[in-house]
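S.K.: Below are the structure tokens for one structure; questions will follow.
The values are calculated or read from the model by the stated rules, or taken from the named source; none is laboratory data. Note that this is a predicted model, so its numbers are computed, not measured. Cβ placement follows ideal geometry from the backbone for every residue including glycine, while neighbour counts extend to all protein chains displayed.
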Amino acid sequence: MLRSLARWKFVDRMWGPEDLELIAKFWLQLYDEVDHPPHKVWESHQTLELHLTGFTRSASRTVSDELARRLPENGVPVSVSSADPDTLVAITKPREGDRRPLIGVGVAALAGGPFDGMLVEIRFTVADAGATEGVRGLFGATLVIVGELRGGTVAVKSVWADPPFVTIEAFWDNPGEWEDYYPGK
């Protein structure tokens, strides 16, 4: 296990689709309330990305096809691509920020084989409407949840925020001071 994922506060905390959907709703409300005073209108978009790893390369095509079939059948319209030979990425088109988050952020659709036991990185971004990449002055953030898929739930290993449309690799490699804290130390 990556050192940065061994965080005692989150190790194997089970979050089901309802929990994940509530967290996504909170994330939307947080950015809707924080950015603007009552007299200013802010238009936001939400984007969902699911990064999956933990399958054999020989099964990559089968897993990709199953991902591309199951998510749309469960109301999560995505395009599936391969970030590298060991990672599949399912991403939605930007949706209006005032819409309800996608049902269970797509996790319920991944219950059972071939997904159980895979590592999932859920990236839920709320940002200025029309934005598709990180640029200076862009308002918003990405909520990142990393864990293991187990029967349509996620055994959460870690949670953090990234700037919108930016992946900060340091969060994977170097835990912060607070992350290494363990009360028994």
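S.K.: Which residue pairs have Cβ atoms closer than 8 Å, lie 6 or more positions apart in sequence or on different chains, and pair a first residue in region 74-85 that is within 22 Å of Ile103 (Cβ to Cβ) with a second residue that is surrounded by 12 or more Cβ atoms within 10 Å (Cβ to Cβ) and polar (S, T, N, Q)?
M.R.: Val76/Thr92; Pro77/Thr92; Val78/Thr92; Val80/Ser64
Residue-by-condition table, conditions (1) outside any helix (DSSP H, G or I); (2) surrounded by fewer than 18 Cβ atoms within 10 Å (Cβ to Cβ); (3) at pLDDT below 65:
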site: Met1; (1), (2), (3): yes, yes, yes
site: Arg7; (1), (2), (3): yes, no, yes
site: Gln29; (1), (2), (3): no, yes, no
site: Asp32; (1), (2), (3): no, yes, no
site: Thr47; (1), (2), (3): yes, no, no
site: Ser60; (1), (2), (3): no, yes, no
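S.K.: Considering only residues of region 76-105 that are surrounded by fewer than 16 Cβ atoms within 10 Å (Cβ to Cβ) and of a type in the set (Lys, Arg), which is nearest to the chain's Cα centre (by Cα)?
M.R.: If we take residues in region 76-105 being surrounded by fewer than 16 Cβ atoms within 10 Å (Cβ to Cβ) and of a type in the set (Lys, Arg), then Lys93 is nearest to the chain's Cα centre (by Cα).
S.K.: Is it the case that some residue within region 14-21 is outside any strand (DSSP E or B), under 16 Å from Val126 (Cα atoms) and either at pLDDT 95 or above or within 17 Å of the chain's Cα centre (by Cα) (or both)?
M.R.: yes
S.K.: How many residues does region 85-121 contain that are closer than 18 Å to Gln29 by Cβ, outside any loop (DSSP other than H, G, I, E, B) and hydrophobic (A, V, I, L, M, F, W, C)?
M.R.: 2
S.K.: Quick one: in region 150-185, which of the residues that are surrounded by fewer than 15 Cβ atoms within 10 Å (Cβ to Cβ) and either at pLDDT 80 or above or of a type in the set (Asp, Glu) (or both) is farthest from Leu119 (Cα to Cα)?
M.R.: Glu177
S.K.: Moving on. Regarding region 138-149, can at least one residue be identified that is modelled with pLDDT under 90, assigned to a loop (DSSP other than H, G, I, E, B), closer than 20 Å to Pro163 by Cβ and not acidic (Asp, Glu)?
M.R.: Yes; the residues of region 138-149 include at least one that is modelled with pLDDT under 90, assigned to a loop (DSSP other than H, G, I, E, B), closer than 20 Å to Pro163 by Cβ and not acidic (Asp, Glu).
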